[in-house]
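We did not get these values from a lab; they are worked out from the coordinates using the rules stated. Small disclaimer: the values here were computed from a predicted structure and weren't measured. Because the Cβ atoms are built from the backbone with ideal geometry, glycine has one as well, and the counts that use them run over all protein chains shown.
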Amino acid sequence: MARFSIVTLTDKAAQRIKEICAAHKGAQGLLLGVKKGGCAGLEYSMDLVTPDISAVKPNMDKIEQDGATVFIEPQAVLFLLGTEIDFEATPLRTGFVFNNPNQTSACGCGVSVEITPATAEDFRQKAQLA
């Protein structure tokens with residue numbers, strides 16, 4: 001059975017990730033997760049992965065697309081299942097956008113979100129479709 005991606009990247013997101021990594025010597029990609037915070041309860045987190053950061057483990061999910069690499073924190077997998085990461089630059093905002101089917105709401109500030117984690121059954125169905 002083929003392995004499926006927990007998240008997908010748009011071309012714009014992949015390009016921006018490559019640019020960020022190219023600007024930092026030795027950068028291997030971005031580490032994506034979710035953490036507690038904000039008024040809605042959770043926040044998406046993205047950290048630069050460099051050789052001196054030991055946060056990346058061999059069994060982590062890793063997405064590679066068009067030269068961009070994203071590692072997924074294991075505890076975030078069910079929160080991020082099916083998420084598409086985009087990048088937008090507008091006159092009012094520049095940054096990554098998370099189109100997450102598990103997100104149920106967001107606070108007015110646009111930083112924190114409420115996410116209902118996917119179930120083990122959702123995970124199995126996604127794996128069967130791959």
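Quick notes
- Surrounding net charge for residue 35, when Lys and Arg each add one and Asp and Glu each subtract one, Cβ distance under 10 Å: -1
- Among 65, 106, 38 the positive-end extreme of the charge dipole of the chain (Cβ point charges): 65
- Taking other C-beta atoms within 10 angstrom as a stand-in for reagent exposure, 107, 39, 21 fall in the order 39, 107, 21, fewest first.
- Three principal axis lengths of segment 7-129 [C-alpha, angstrom, descending]: 39, 38, 26
- Other-chain or far-sequence residues with amide H under 5 Å of residue 28's (modelled H): 49, 50
- With the charge dipole of the chain set up from +1 on Lys and Arg Cβ and -1 on Asp and Glu Cβ about the Cα centre, the Cα lying farthest toward the positive end among the listed residues 10, 91, 24 is that of 24.
- Whole-Hz couplings from phi, Karplus 6.51/-1.76/1.60, listed for segment 72-84; x for Gly and Pro: 10, 4, x, 6, 9, 3, 6, 6, 9, 3, x, 6, 9
- Placed amide H near residue 42: partners under 5 Å, 5+ positions off or other chain: 37, 113
- Under the convention that each Lys and Arg Cβ holds +1 and each Asp and Glu Cβ holds -1, the size of the dipole of the chain around its Cα centre is about 160 debye.
- The HN-Hα couplings worked out from phi for segment 25-33 by the Karplus form 6.51 cos²θ - 1.76 cosθ + 1.60 (θ = phi - 60°) are 3, x, 4, 9, x, 10, 9, 9, x Hz, whole numbers, x standing for Gly and Pro.
- Sorted by Cβ neighbour density within 10 Å, fewest at the top, the residues 77, 113, 97: 97, 77, 113
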